[in-house]
Amino acid sequence: MGTRNYRRKTSHSENGPGDGGRTGSWRVERPVLDQSLCIPCKRNKEACFICWLFCPEIVISRTIPPKVDLEYCKGCGICAEECPTKAITMVDEAKFSEEDTEKKKKKD
Amino acid sequence: MHIIENGNVAAALGVKLCRANVIAAYPITPQTPLTERLSEYVELGQMKAEYIPVESEHSALAVCIAASSAGARTFTATSANGLLYMHEQVQWASGARLPIVMCVVNRAVGAPWNVWNDQQDSISQRDTGWIQIYCSDHQQIIDSVIKAFWLAEKVSIPIMVCYDGYILSHTYMPFDLPEQEKVDAFLPPFKPDYALSPDEPANLNTVTLPDVRTDVKGELAHGYMEIRYLLQEELRTTLTAAAEAEKRFAGIFGRSGDPYIEPYRCDDADYVAVGLGSITYQLRVCVDLLRKEGIKVGIMGVRFYRPFPDAAIANALKGKKGVIVFEKALSYGYEGALASDLKSALYEHLAGAGTLPFVQNFILGIGGREIRTDDLTQALRAATKSRVSKEPTWIGLKL
Amino acid sequence: MQAKTNILSLPTQEFVHPGTRACTGCGLAIAYRVGLKALGKDTMLVVPPSCLTVLQGLFPVASTKLPCLNVTFASTAAAATGILATLKTQGKEHITVAAWAGDGGTSDIGLQALSGAAERGDNFIYFCYDNEGYMNTGVQRSGTTPIGAITANTPFKGKLQQKKDVPAIMAAHNLSYVATCSAAYPLDLYDKIKNCVNLPGTKYIHIHIPCPPGWGYDPRYGIKIGRLAVETGYYDLYEIINGEFKLTAASEKLVEKRKLVPVIEYFRAQSRFRILTDMQIADIQNQIDKKWAGYYKKDE
């Protein structure tokens, strides 16, 4: 009751994702991973993870393979630039919209 | 136990008795002896508190705001330009709903420099959402500090306890020193609604938007406008809490008065002199003299200036012929702030219910200009004959 | 001192949520994320108005999972002092207090409070994240904006004054720990926080933060540009521990290598330096060479 009371009267924020909304909508290009070049994928063990380290948005998972949370990925391209084997390429988001539209057409 | 001490020490003793545990201190005349005395208590181990000698008044209140947010009972004191320097923080503290207690030892503001008493410093802060109490003697100083901590923590709104620089801060008077056990009974340890900590993390006082927004639980949270509205709402209902504080205090310490005003010979008075602080006691000499001349005059000291006890004041002045407001400050460009507020209260509560009393505004004591009792008596006498002026009249001016 | 951390030994717990309002490719986001990993759960943050205020979320949503107090612009360090005082009265001194302020909030409006706290020896870590301008309000010049940089209020002539050396100012306070870091070297930042967290008094860590909109580059090159700043010898990574200066990490390696990338590479990569003349660049290169000649000499 105490905290609830105080929260009503003051600027008191609790934590959660997406303060900026669905920041994935900011993207003009998205990272695409070529697993055949990705070091942890090739070795099938924990290694590299430079993309995980440098992601400003914390949307790349520290997994094999690393996965990008497209809900929030802003498409900055740092992961692509820093990847030591150039396993990540930034691809125009429009291409995926076309694909999604095609998929939808097929469904309907 | 009765002791003889100066006003600053009375305030310091109040803070000690209330067991404030974070004190921020920056020197400024005439407040300095107050915080010096607190440093003595802390260094001698008589007070268990963190004493922070900050590098500016802005930082003094910053320390209090942060310490209070994390759950400490905090105190600082200042005057004049120090209060003005911390103005940004003054606004912040009330918006953050923190029960900080601050003594303002009233002093004139620059430019030009002046270290003597008037009330422009605290009066200029009346819009900030703080509670303001004005003291007329040393007993009121120590009692008001004790009541202030209780009241602030009850309503989560910061309080300025104001008293006149030099006139009260540096003069000596006998007063009763409350016993520690009684103060502990009156004021339990500070238990905030929320204290910032890793156990219950939150982001406090961050940017709000013009409109409301859902929180992480999907519930609609109050917006900036609601937060500000609640400050105003709860500041107004503080008047009720103030009466409660007075009752509690009376129950434990055996002394009390009207929570909002301090009347003297008002009941049958035709004319009432009004003021804030020590001047109301000086006026008693004038009133007693004029009464001997057959003039039915009384005094109403205003104790709570914010929230403004408009109903209590209007009620006390109902049926009076004239109200004479003596002020040591003004809202430049118009008139004395207290006079304006008082007129507004009279209009609000008494208009249409008969003749409103005239309001005469006198400005005096600016920059510590001596207030001669003779001049006061003359001015009061003249005003009871007829209203002297529409605009404020300045007493003691030497053009 | 702390052994060098590598990516695989970095704690995986995150203290920031995704989907913040930070710009695409924000350098602060990288430094802040790793910084909080080093600080850990028992930390209380103080943040003045700045990019971080926005990154941390608008009411009523917070992107940071740690307790944080937002304060007025000039009062960051004083607020940190206040929280510390309360923790002392509560017997909770195991909790770390960390202030995160921008360069404007540190070198300009916040310097007084910071100096006061440092002089009092108040036991917290003060992070200045230096994106070299008032970026949150639209890229205005600050005390730490480098000479020649175009900003919103030095629009044609660029900043005419030198970058204020805040780490040197803080070192003059006889602190137990002063360090410079960069968002491009997050593991170094992690190590330095671990190095200093248990040292007494105020600790000061200055972090160089590449800023895409403020500096003028494609966001994907943020880390590369941060690295260039160090590899050109323009921005040095060092520690001053109890008054003793020591180059660290990539800067330390440069002393061994004895070869700096020409600083013009750093300037070319950002549009904010577009009006620097050849003479100015040569002058800056000269200053860098002199500075490094000094480092090389000390090393011998």
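Computed from the coordinates by the stated procedures, all read-outs in this text should not be read as laboratory data. What you see is a predicted model, and the numbers here were worked out from it, not measured in a lab. Note that each Cβ is placed from the backbone with ideal geometry, even for glycine, and that neighbours are counted across all protein chains shown.
So the values come out like this:
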item	result
Contact order normalised by residue count of chain A, Cα under 8 Å, 6+ apart, percent	32
Restricting the stretch B:177-213 to chymotrypsin sites (Phe, Trp or Tyr not before Pro) in coil, as DSSP defines it, with at most 13 other Cβ within 10 Å	none
Helix-derived mean residue ellipticity, 222 nm - over the protein assembly as shown, DSSP H n ≥ 4, -39500 (n - 2.57), to 500	-11500 deg cm²/dmol
Sorted by Cβ neighbour density within 10 Å, fewest at the top, the residues A:Ser61, B:Ser136, B:Ser69, A:Ser25	A:Ser25, A:Ser61, B:Ser136, B:Ser69
Per-residue average of Cβ from other chains inside 10 Å of A:56-64	6
Hits among lysines - C-alpha to C-alpha of C:Lys92 under 25 Å, sequence gap 8 or more where chains match	B:Lys16, B:Lys48, B:Lys191, C:Lys37, C:Lys41, C:Lys65, C:Lys192, C:Lys194, C:Lys203
Selection from C:Gln161, C:Pro219, C:Ala184, by position along the positive dipole direction of the stretch C:104-221 (Cβ)	C:Gln161
Förster-model FRET efficiency, 30 Å R0, C:Lys290 and C:Phe156, C-beta, rounded to 0.05	0.50
Partner chain coverage, peptide B:210-220 - average Cβ within 10 angstrom	3
Extension reserve of the B:Ala243-B:Ser344 stretch, reckoned as 0.36 nm per residue once the Cα distance is removed	34.1 nm
Proximal aspartates and glutamates to B:Lys217, defined as alpha-carbon separation beneath 14 angstrom and excluding residues fewer than eight positions away on the same chain	A:Glu14, A:Asp19
Selected from C:Ile95, C:Phe124, C:Gly138, residue furthest toward positive end of dipole (the stretch C:84-185; charges at beta carbon)	C:Gly138
Largest-first principal axis extents, alpha carbons of the stretch B:266-386, Å	37, 34, 23
Radius of gyration and maximum dimension Dmax of the protein assembly as shown, Cα, Å	31.2, 107
Protection proxy ranking of C:256-268, B:163-175 - average other beta-carbon atoms within 10 Å, highest first	B:163-175, C:256-268
Using alpha-carbon coordinates, inclination of helix C:27-39 to the longest axis of chain C, degrees	40
Choice from B:Val22, B:Val161, B:Val212 showing the highest fluctuation, given a GNM over chain B with Cα pairs closer than 10 Å	B:Val212
Gain on full stretching of the segment that runs from B:Val212 to B:Trp394 - 0.36 nm per residue minus C-alpha separation	60.6 nm
Net +/- balance of residues flanking B:Thr78 in space, Cβ distance below 10 Å, scoring K and R +1, D and E -1	-1
Nearest-ten-degree value, helix B:7-17 long axis tilted from longest Cα axis of chain B	40
Chain A: Cys lacking any partner C-beta under 4.7 angstrom	A:Cys48, A:Cys55, A:Cys73, A:Cys76, A:Cys83
Cβ-based net charge around B:Thr214, under 13 Å, with every Lys or Arg adding one and every Asp or Glu removing one	-3
Average partner coverage of B:18-28, which counts Cβ from other chains inside 10 Å	2
Net dipole in debye of chain C [+1 Lys, Arg Cβ; -1 Asp, Glu Cβ; about Cα centre; nearest 20]	380
Sites A:Glu71 and C:Glu300 - FRET efficiency at Förster radius 45 Å, r taken between beta-carbons, to 0.05	0.25
Between the stretch C:1-67 and the stretch C:239-279, the Cα center-to-center distance that results, in Å	26
GluC sites (Glu not before Pro) within the stretch A:32-108, DSSP loop, no more than 16 other Cβ atoms inside 10 Å	A:Glu46, A:Glu71
Of all DSSP beta bridges in chain C, antiparallel share, percent nearest 5	30
Ranking of B:His138, B:His222 by count of other Cβ atoms within 10 Å, fewest first	B:His222, B:His138
Angle in degrees between helix B:279-292 and the longest Cα principal axis of chain B, rounded to the nearest 10	20
